[in-house]
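Student: Take this structure first; my questions come after.
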């Protein structure tokens, strides 16, 4: 039996200088490891950056573990050609 851990994936909007970065969407996932959560976060980020999306496009995605620590972050500047 595989032990599953809860991770929270947050899509972040444009940092407008306020103390808190605006979270556009938050998803909780239960997966076996950080690599699986990271893959899921990148898929969610790619969909959020799609040109046909009607809302403001996400600027970054981050993964937070069950203890509340940010364990992964990816922004539009990290994309190839971005």
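Student: Kindly indicate which of 21, 9 is in a strand (DSSP E or B) and either at pLDDT below 95 or touching a helix residue (DSSP H, G or I) at 6+ places or on another chain (Cβ under 9 Å) (or both).
Tutor: Working: 21 fails: in a strand (DSSP E or B).
Exactly one of 21, 9 is in a strand (DSSP E or B) and either at pLDDT below 95 or touching a helix residue (DSSP H, G or I) at 6+ places or on another chain (Cβ under 9 Å) (or both), namely 9.
Student: Does residue 61 fit the bill of being touching a strand residue (DSSP E or B) at 6+ places or on another chain (Cβ under 6 Å) and either modelled with pLDDT of 90 or more or surrounded by fewer than 12 Cβ atoms within 10 Å (Cβ to Cβ) (or both)? Quick ask: steps written out before the conclusion?
Tutor: On the way: touching a strand residue (DSSP E or B) at 6+ places or on another chain (Cβ under 6 Å): yes; either modelled with pLDDT of 90 or more or surrounded by fewer than 12 Cβ atoms within 10 Å (Cβ to Cβ) (or both): yes.
Yes.
The values are calculated or read from the model by the stated rules, or taken from the named source; none is laboratory data. As the structure is a prediction and not an experimental result, all values here were calculated from the model. Note that each Cβ is placed from the backbone with ideal geometry, even for glycine, and that neighbours are counted across all protein chains shown.
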